[in-house]
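To start, the structure under review is shown below, and the notes come after it.
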Amino acid sequence: MIQESEYKKRRERFAKKLKSNSVAILFSAEPKSRSNDTEYPYRQDSNFYYMSGFKEDKAALFFVKEKKKTKTYLLVHKKDANEELWNGKRLGVSAAKERFYVDDVFEYTQLSQKLKELLAGKSRLYYDFALNYSKVKLLKRYAKEIETFKNAATKIQKMRLIKSDAEIALIKKAVGITQVAHHRAMKKASLCKYEYELQAEIEYIFKKNGAYSDAYTSIVAAGNNANTLHYITNSAKIHNDDLILIDAGCEYDYYASDITRTIPASGKLTQRQKEIYNLVLRVNKEIISLIRPGVLRSDLQKKSEKLLCKGLVQLGILKGRVKKLLKNKAHKKYYPHGIGHWMGLDVHDSCPYKDKKENEIPLQKGMVLTIEPGIYIDRDDKSVAKKYRGIGIRIEDDILLTKKGCENLSAGIKKELKDIESFAHR
Ligand code: GLY
Ligand code: MN
Ligand code: MN
């Protein structure tokens, strides 16, 4: 759990980044209609949540900066007995005043009035440039005197790059639940006839352990389906000689985990599957071993491409000199994605990889990123020996940067061949 004092500190750090005579405004996420009067489960906007810890919709957070001092105001939805009967209790203004360490709390119905009042005479406005059109229109109506508009989201995303101890604890909790889920999948794979059955086994563990949601739609891809990178249909039959690529991670109290394991449906890999698996596993481990503060992520990317390309040549899947193949990006056909991404409140935390001067930000203590090399060979790829066609393998771990090196948060999730094979027989 993240304390209100931590949210307050984040707001203070954000306020320091604002120029004098400015206002920053953040909004809660919009509920999303599914059809008629049913909605998708509500999830708070990650930047708004990072600054407030507030999970309700119809809310806004204002930062009003005069010269050096900044006042913060929260707007929350009112308490309304009839609405609460249908949709659940609201915190309301007076309880919000007690809970949040902000200067004042108002009803969300006062939004227009507050915009008018707080934007008057200000010259700069920060808001999330991804905000929906109707909100932007509303802001612009009251921003007549504003000379400069800046994106508040990029500033917050930059702050989100370095995780606090409390955030790391939540990520660890998410990874821990995901570990149990993947091990259950390894155990149950040979008993499941369809991909969705295995998906159910995994998501059962998520929910059973208090992770209400997945951090992204689970990928359970048997056989050639693993070669569709964002396969989420999860409806196909699992065949005995299939490998099953499972990319699934729960979200625990707003924090993500993102793990991929590729396991044999039968409990045993064939020789040709082992050859590709060993290559991906070797690269996964080698890249993780290089991670420490000061290293550039782009160097990890280059290194992973080089290692995978070399491995593909050794297996005869690519032909020619490694240097030339890399130059021509021939390996991209089989390893088309990045080595990893930031992870935190979002599975793909959209934190910057570059600083203000467009220089790449080196890895630092407190960052969390995924490492996920993969090889994908489509069943119709006639340029590859038949024995390798239809194999797709990715192995993904979640890595925390520490003072001197890194901690593989998912080190407990089995990935050695002997371990994933022996799981099926427990
Ligand atoms: N699960 C999405 C990804 O691995 O990036
Ligand atoms: Mn993933
Ligand atoms: Mn990932």
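FYI, it's all coordinate maths here, none of it is from the lab. In this text the structure is predicted, and so the values were computed from the model without any measurement. All Cβ positions, glycine included, derive from the backbone under ideal geometry; neighbour counts span all protein chains shown.
Brief remarks follow.
- Taken over the stretch 254-293, residues that are among the acidic types (Asp, Glu), within 16 Å of ligand 2 (Cβ to nearest atom) and out of contact with any Ser or Thr (no Cβ under 8 Å at 6 or more places or on another chain) amount to 0.
Yes or no, residue by residue, for (1) assigned to a loop (DSSP other than H, G, I, E, B); (2) within 25 Å of ALA130 (Cα to Cα); (3) of a type in the set (D, E, K, R):
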| site | (1), (2), (3) |
| --- | --- |
| ILE2 | yes, no, no |
| SER5 | no, no, no |
| PHE14 | no, yes, no |
| ALA29 | yes, yes, no |
| THR72 | no, yes, no |
| LEU75 | no, yes, no |
| TRP86 | no, no, no |
| VAL93 | no, no, no |
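Table: residues versus (1) of a type in the set (A, V, I, L, M); (2) touching a residue at least 60 places away in the same chain (Cβ under 8 Å).
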site: LEU61; (1), (2): yes, no
site: THR70; (1), (2): no, no
site: GLY88; (1), (2): no, no
site: GLU98; (1), (2): no, no
site: LYS122; (1), (2): no, yes
site: PHE129; (1), (2): no, no
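- Subset of the stretch 191-245 [within 17 Å of ILE177 (Cβ to Cβ), of a type in the set (A, V, I, L, M) and assigned to a loop (DSSP other than H, G, I, E, B)]: ALA211, ALA215
- Unique residue being within 21 Å of ALA169 (Cβ to Cβ), among the charged types (D, E, K, R) and free of Cβ contacts under 8 Å to residues at least 24 places away in the same chain when the list is GLU358, GLU407: GLU407
- Restricting attention to the stretch 246-267 and to residues that are hydroxyl-bearing (Ser, Thr, Tyr) and part of a loop (DSSP other than H, G, I, E, B), the residue that is farthest from ligand 1 (Cβ to nearest atom) turns out to be SER266.
- Every pair of residues 6+ apart whose Cβ atoms lie under 6 Å, when the first sits in the stretch 260-279 and is in contact (Cβ under 8 Å) with a residue 24 or more places away in the chain and small (Gly, Ala, Ser) while the second is within 16 Å of ligand 2 (Cβ to nearest atom) and assigned to a strand (DSSP E or B): ALA265/ILE244
- Subset of the stretch 245-274 [more than 16 Å from ligand 3 (Cβ to nearest atom) and within 18 Å of ASP419 (Cβ to Cβ)]: ILE263, PRO264, ALA265, SER266, GLY267, LYS268, LEU269, THR270, GLN273, LYS274
Condition check ((1) within 16 Å of ligand 2 (Cβ to nearest atom); (2) of a type in the set (Lys, Arg); (3) touching a Lys or Arg at 6+ places or on another chain (Cβ under 6 Å)) across all residues:
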| residue | (1), (2), (3) |
| --- | --- |
| LYS310 | no, yes, no |
| LEU315 | no, no, no |
| ASN328 | no, no, no |
| LYS333 | no, yes, no |
| ASN359 | no, no, no |
| LYS365 | no, yes, yes |
| LEU369 | yes, no, no |
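- No other residue among ILE317, ILE371, ILE393, ILE361 is closer than 17 Å to SER289 by Cα and either surrounded by 14 or more Cβ atoms within 10 Å (Cβ to Cβ) or of a type in the set (D, E, K, R) (or both) apart from ILE371.
- Of the residues making up the stretch 202-223, those that are closer than 30 Å to ILE2 by Cα, in contact with a helix residue (DSSP H, G or I) (Cβ under 6 Å, 6 or more places away or on another chain) and more than 16 Å from ligand 1 (Cβ to nearest atom) number 2.
- Against the numbered list (1) in a helix (DSSP H, G or I); (2) of a type outside the set (A, V, I, L, M); (3) surrounded by fewer than 21 Cβ atoms within 10 Å (Cβ to Cβ), HIS331 comes up short only at (3).
- Subset of the stretch 371-391 (residues that are in a loop (DSSP other than H, G, I, E, B), within 16 Å of ligand 2 (Cβ to nearest atom) and in contact with a strand residue (DSSP E or B) (Cβ under 6 Å, 6 or more places away or on another chain)): GLU372
- As a summary of the residue check, ALA236 satisfies the conditions (1) surrounded by fewer than 24 Cβ atoms within 10 Å (Cβ to Cβ); (2) more than 17 Å from PHE423 (Cβ to Cβ); (3) touching a His at 6+ places or on another chain (Cβ under 9 Å) except for the one numbered (3).
- Residue within the stretch 230-239 that is in contact (Cβ under 8 Å) with a residue 24 or more places away in the chain, within 16 Å of ligand 3 (Cβ to nearest atom) and not β-branched (Val, Ile, Thr) present: no
- Considering residues of the stretch 355-395 that are basic (Lys, Arg) and farther than 25 Å from ILE238 by Cβ only, the residue nearest to ligand 3 (Cβ to nearest atom): LYS365
- For TYR353, the requirement of being on the phi < 0 side of the Ramachandran plot, crowded, with 17+ Cβ neighbours inside 10 Å and hydroxyl-bearing (Ser, Thr, Tyr) is not met.
- Subset of the stretch 280-321 [of a type outside the set (A, V, I, L, M), part of a helix (DSSP H, G or I) and over 22 Å from LEU417 (Cβ atoms)]: ARG297, SER298, ASP299, GLN301, LYS302, LYS303, GLU305, LYS306, CYS309
- Counted residues, the stretch 396-426 - those being within 16 Å of ligand 3 (Cβ to nearest atom) and part of a loop (DSSP other than H, G, I, E, B): 4
- The set of residues from the stretch 76-104 being farther than 25 Å from THR38 by Cα and within 31 Å of the chain's Cα centre (by Cα) comprises ALA96, ARG99, PHE100, TYR101, VAL102.
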